[in-house]
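The structure appears right after this line, and notes come after that.
The values are calculated or read from the model by the stated rules, or taken from the named source; none is laboratory data. Remember, it's a predicted structure, so these values are computed and weren't measured experimentally. All Cβ positions, glycine included, derive from the backbone under ideal geometry; neighbour counts span all protein chains shown.
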Amino acid sequence: MPDAHMVRMFVERGALGAIAAAGIAVAAWRVGALSRSGAAAAVVVGAAATFAGWNWGALLIIYFLAGTIVSRIGRSRKERRTGGVVAKGGARDATQVVANGGVFAACALCIPFGIAHAGAAAVGALAASLADTFATEIGTLLGGIPRSVRGLRRVPVGTSGGISGAGTLGMVAGAAFVGGAAILLGVSALFAIVTLAGMVGAMVDSLLGATVQERRWCPTCERASERRIHTCGTATLLAGGREWMNNDTVNFLATFTGAGVAAVLATI
């Protein structure tokens, strides 16, 4: 366990990290990558990362930039292909930031206290999140008509639980990207474990998305959607799944899975 001096050093570093994260969050808000609430949540996650170390803060920045860039590539084509299916688009709000980065932040806070495999868990959480992001964005942009992991029936592009060849390759690339960045920054040498954990987390995301995540229906457009209010302005109806199991809840559980798998495999 660290002594009082070391704890003070960690806190000071976290405070400086919060200031740095605030600058980045404001810039992200200005370009439309984060909403106001999302920017505030990002400051908290950034402070937690730098509490663990500056290299952890750098890993978080790389993760955020990679996810933002891949989300913006071909945005107009992706919007046309999904047609209002996805739950949220554009700037990430606080709920999305916590759903994707909350597990990482919690694990990062444990690292300075020497909690076993907290570092592996933190990287595994980010790997699962970015694997899911890459799978969704690349699959939506380049993939064909996806099939649901439940029964392999064809589903509309953008439907949670839908998989495609391009999306699967994107999933592997996202997990491996985080694993490689972690090695370069010196926060983890467990490339294979991190990549596998990220893939498992993303697959859990797809499984939950196809089974228990809420599925909604627009009676006006007669189209499936994950939005409570469809793009046409009509309130959608619950068509399946659990109403409380929305996309953000699924993302949180996926990152939790990625963290857990990485921590368990690191003990072997």
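In the set GLY102, GLY17, which member is farther than 23 Å from ALA175 by Cα, part of a helix (DSSP H, G or I) and not polar (S, T, N, Q)? Matching residue, one of GLY102, GLY17: GLY17.
A count restricted to the range 157-177 and to residues that are among the small types (Gly, Ala, Ser) and part of a helix (DSSP H, G or I) stands at 8.
Within the option set GLY180, GLY151, being without any contact (Cβ under 8 Å) to a residue 12 or more places away in the chain, assigned to a helix (DSSP H, G or I), surrounded by fewer than 22 Cβ atoms within 10 Å (Cβ to Cβ) and not basic (Lys, Arg) holds for one residue only, GLY180. Residues that are modelled with pLDDT under 95 and either touching a Lys or Arg at 6+ places or on another chain (Cβ under 7 Å) or over 16 Å from MET199 (Cβ atoms) (or both) within the range 112-136 comprise PRO112, PHE113, GLY114, ILE115, ALA116, listed in sequence order.
Counting the residues of the range 112-131 that are touching a Cys at 6+ places or on another chain (Cβ under 7 Å) and either part of a strand (DSSP E or B) or crowded, with 22+ Cβ neighbours inside 10 Å (or both) gives 3.
Here the condition is being free of Cβ contacts under 8 Å to residues at least 40 places away in the same chain and surrounded by 20 or more Cβ atoms within 10 Å (Cβ to Cβ); of ALA21, ALA15, ALA48, it holds for ALA21 alone.
Exactly one residue out of VAL31, VAL26, VAL43 is among the aliphatic types (A, V, I, L, M), farther than 27 Å from ALA120 by Cβ and touching a residue at least 12 places away in the same chain (Cβ under 8 Å), and it is VAL26.
Taking residues in the range 120-146 that are under 12 Å from PHE256 (Cα atoms), and partners anywhere that are at pLDDT 95 or above and among the polar types (S, T, N, Q), the pairs with Cβ atoms closer than 8 Å and at least 6 places apart or on different chains are ALA125/THR255; LEU126/THR255; ALA127/THR195; ALA128/THR255; ALA128/THR257; SER129/ASN100; SER129/ASN251; SER129/THR255.
With respect to the conditions (1) touching a strand residue (DSSP E or B) at 6+ places or on another chain (Cβ under 7 Å); (2) charged (D, E, K, R); (3) surrounded by fewer than 16 Cβ atoms within 10 Å (Cβ to Cβ), GLU214 lacks only one, and its number is (3). Among the residues here, GLY101 qualifies as touching a residue at least 24 places away in the same chain (Cβ under 8 Å) and closer than 30 Å to HIS5 by Cα. Between THR159, THR220, THR168, the distinction of being out of contact with any strand residue (DSSP E or B) (no Cβ under 6 Å at 6 or more places or on another chain), among the polar types (S, T, N, Q) and surrounded by fewer than 18 Cβ atoms within 10 Å (Cβ to Cβ) belongs to THR220 only. Of all residues being at pLDDT below 90 and among the small types (Gly, Ala, Ser) in the range 74-111, which is surrounded by the most Cβ atoms within 10 Å (Cβ to Cβ)? Just the residue, please. Looking at the filtered set, the residue picked out is GLY84. Go through the residues of the range 232-244 one by one and say whether even a single one is touching a residue at least 60 places away in the same chain (Cβ under 8 Å), surrounded by fewer than 21 Cβ atoms within 10 Å (Cβ to Cβ) and not in a helix (DSSP H, G or I). Yes, the conditions are met somewhere in the range 232-244. For beta carbons closer than 7 Å, sequence separation of 6+ or different chains, a first residue in the range 201-226 that is on the phi < 0 side of the Ramachandran plot and in a strand (DSSP E or B) and a second that is crowded, with 22+ Cβ neighbours inside 10 Å and of a type in the set (Asp, Glu), the qualifying pairs are ARG216/GLU226.
Among the residues of the range 186-245, what is the count of those that are within 30 Å of THR267 (Cα to Cα), under 21 Å from the mean Cα position of the chain (by Cα) and of a type in the set (Gly, Ala, Ser)? Total meeting the criteria: 8. Can you tell me which residue in the range 183-200 is farthest from MET245 (Cα to Cα), limited to those that are part of a helix (DSSP H, G or I) and without any contact (Cβ under 8 Å) to a residue 40 or more places away in the chain? Among those that are part of a helix (DSSP H, G or I) and without any contact (Cβ under 8 Å) to a residue 40 or more places away in the chain, it is LEU184.
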